[in-house]
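*Asks:* Would you mind keeping the following structure in view while I ask a few things?
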Amino acid sequence: MRFVIKKLSDDLNRVGVVGNCIVDQVMIIPAFPQQDDEFRALQSYRSVGGNACNSARVLAKLGHPVDLMASMANDPESDWLLQQLHAKGVATGLCPRLHGQSTPLSSIWLNQENGSRTIAHYRELAELSVQQLSRLQDNRFAWIHFEGRNIEVLSQFFKGSKGLNNTPFSLELEKARPGIELLLPYISTAIVSSHYLKHNEESAEQCMERLRSINPGMNIVCTLGENGLLAMDSAGNMISIAAQPVTKVVDSIGAGDCFIAGLISGLVKGEDFEQALEYANQLAALKIQQRGFAFNV
């Protein structure tokens, strides 16, 4: 599939992305070690990380005007993050700067053998408040995507977000955080990870039937890695799409975030759910065959 990229107009294509922004310290290792091993990394580099940040960068790469909303510390690490985001075309005017706190950090081991990643995360930064989230209502968006975190605050925000009633929301269910399903009545599209399925010990079919009982009118997709994806559209039609064949998995960091960006981009551009899923599936396959997010689309 050829990805045709052009700068899109603000009024009809602006996307808001709400969630986490962190500094990733990536170590490329030759193979995953045994406990108590000592080994030398092949390469080390610093990168912008966090689900929301990754999706925002890819959406900007696909031509969308993008506004990120994430808590930011008032420290040199967050200064660097903001510089990197601005350079990639992501607007950060909605990101509050918090004094006396520190930027979240992740240490990522990227296995050169198979492209898998293992992540240790440290966070000592407050989540967004309802008052901060309310700034979304002062802007016009074609779509707003939310990471499935900060559940209690998101629930309060959704209940009071009357100014955004006509804006479609998507929600990532990556982890089975307590109460996350309470957000589903406000969502038009739910993206479910294999991690969420595994935690709940249910199949994709079982999960979609359960989530659909909460909100019968939303689109749902379960991403299944090498097994492709299974989805159900708002009319209850089942969609199954195989994983794209890839020559070699080089870097799986942010593959799910890339998929989400592709799905949102397709839907905002007017594609139907199945077409948008195909687009997202192919975009994620392109990403995992290349290092980082500097892939050509």
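The values are calculated or read from the model by the stated rules, or taken from the named source; none is laboratory data. Bear in mind the structure is a predicted one, so any value in this text is a computation, not a measurement. Please note: Cβ atoms are built from the backbone with ideal geometry, for glycine as well, and neighbour counts cover all protein chains shown. Accessible surface is based on the protein model in full, side chains and every heavy atom, while ligands, DNA and RNA are left aside. Shrake-Rupley method; radii C 1.70, N 1.55, O 1.52, S 1.80 Å.
*Asks:* What figure, in Å² to the nearest 10, do you get for the accessible area of LYS88 with a 1.4 Å probe and non-protein molecules left out?
*Replies:* Number for this one is 120 Å².
*Asks:* Between VAL192 and residues 5 or more places away or on another chain, which pairs have amide H atoms under 5 Å apart, with H built 1.01 Å from N, and which residues are they?
*Replies:* Here the answer is LEU173, VAL221, CYS222, THR223, since their amide H atoms fall under 5 Å of that of VAL192.
*Asks:* Charges only on Cβ, +1 for Lys and Arg, -1 for Asp and Glu: so what's the dipole of the stretch 68-213 about the Cα centre, in debye to the nearest 20?
*Replies:* The calculation lands at about 400 debye.
*Asks:* While we're on this one: Once neighbouring chains are kept in place and the probe is 1.4 Å, which whole percent of the accessible area of the chain is contributed by carbon and sulfur?
*Replies:* Looking at the chain in its full context, I get 47 percent from C and S.
*Asks:* Next question. Would you work out the Kirkwood radius for the stretch 79-129? I mean one over the mean of 1/r across all pairs of different Cα atoms, in Å.
*Replies:* With all distinct Cα pairs of the stretch 79-129 included, I get 13.5 Å.
*Asks:* Another question, if that's okay. Report THR103's accessible area, 1.4 Å probe, all protein chains in place, as a number in Å² to the nearest 10.
*Replies:* Accessible area, nearest 10 Å²: 10 Å².
*Asks:* Here's something else I'd like to know. State, as an integer percentage, the relative contact order of the stretch 79-170 based on alpha-carbon contacts under 8 Å between residues 6 or more apart.
*Replies:* For the stretch 79-170, the relative contact order is 22 percent.
*Asks:* Please report, in debye to the nearest 20, how large the charge dipole of the chain is about its Cα centre when each Lys and Arg carries +1 at its beta carbon and each Asp and Glu carries -1 there.
*Replies:* So the magnitude is around 780 debye.
*Asks:* Grab every C-alpha pair in the chain, bin the distances at 10 angstrom width from 0 up to the longest one, and report whole percents.
*Replies:* 6, 28, 37, 23, 5, 0
*Asks:* Let me ask something else about it. With runs of 4+ DSSP H residues as the only contributors, calculate the mean residue ellipticity of the chain at 222 nm using -39,500 (n - 2.57) per run, divided by the residue total and rounded to the nearest 500.
*Replies:* One gets -9000 deg cm²/dmol as the mean residue ellipticity at 222 nm.
*Asks:* Considering only LEU98, SER203, LEU224, whose Cα is most displaced toward the positive end of the charge dipole of the chain, charges sitting on Cβ of Lys, Arg (+1) and Asp, Glu (-1)?
*Replies:* LEU98
*Asks:* Right, something else. For GLN101, enumerate residues with amide H under 5 Å from its amide H, sequence gap 5+ or separate chain, H modeled in the peptide plane.
*Replies:* For GLN101, the qualifying residues are ASN74.
*Asks:* Which net charge results when you count Lys and Arg as +1 and Asp and Glu as -1 among the other residues whose beta-carbon is under 11 Å from that of ILE239?
*Replies:* -4
*Asks:* In addition: So for the stretch 164-297, Kirkwood radius off the Cα pairs, Stokes-Einstein at 37 °C and 0.692 mPa s: how many µm² s⁻¹?
*Replies:* Here the translational diffusion coefficient equals 217 µm²/s.
*Asks:* Further question: Taking only pairs that are 8 or more places apart or on different chains, how many Lys pairs in the chain have Cα atoms under 12 angstrom apart?
*Replies:* Taking the chain as the scope, the lysine pair count is 6.
*Asks:* State, as an integer percentage, the relative contact order of the chain based on alpha-carbon contacts under 8 Å between residues 6 or more apart.
*Replies:* 16 percent
*Asks:* A further question on this structure: Note down the accessible area of TRP109, probe 1.4 Å, to the nearest 10 Å².
*Replies:* Ignoring ligands and nucleic acids, TRP109 comes out at about 90 Å².
*Asks:* Given bins 10 angstrom wide, list per bin the percent of all Cα-Cα distances in the stretch 46-135, short to long.
*Replies:* Histogram of Cα-Cα distances, whole percents per bin: 15, 44, 33, 7, 1.
*Asks:* What number comes out for the charge environment of ILE264, summing +1 per Lys or Arg and -1 per Asp or Glu over other residues with Cβ under 12 Å away?
*Replies:* Residues close to ILE264 contribute a combined charge of -1.
*Asks:* Can you work out the accessible area per residue across the chain, with the rest of the protein chains kept in place, probe 1.4 Å, in square angstrom?
*Replies:* 47 Å²
*Asks:* While we're on this one: Please provide three numbers in whole Å: the alpha-carbon extents of the stretch 75-186 along the principal axes, with the largest listed first.
*Replies:* The Cα atoms of the stretch 75-186 stretch 47, 30, 28 Å along the principal axes, largest first.
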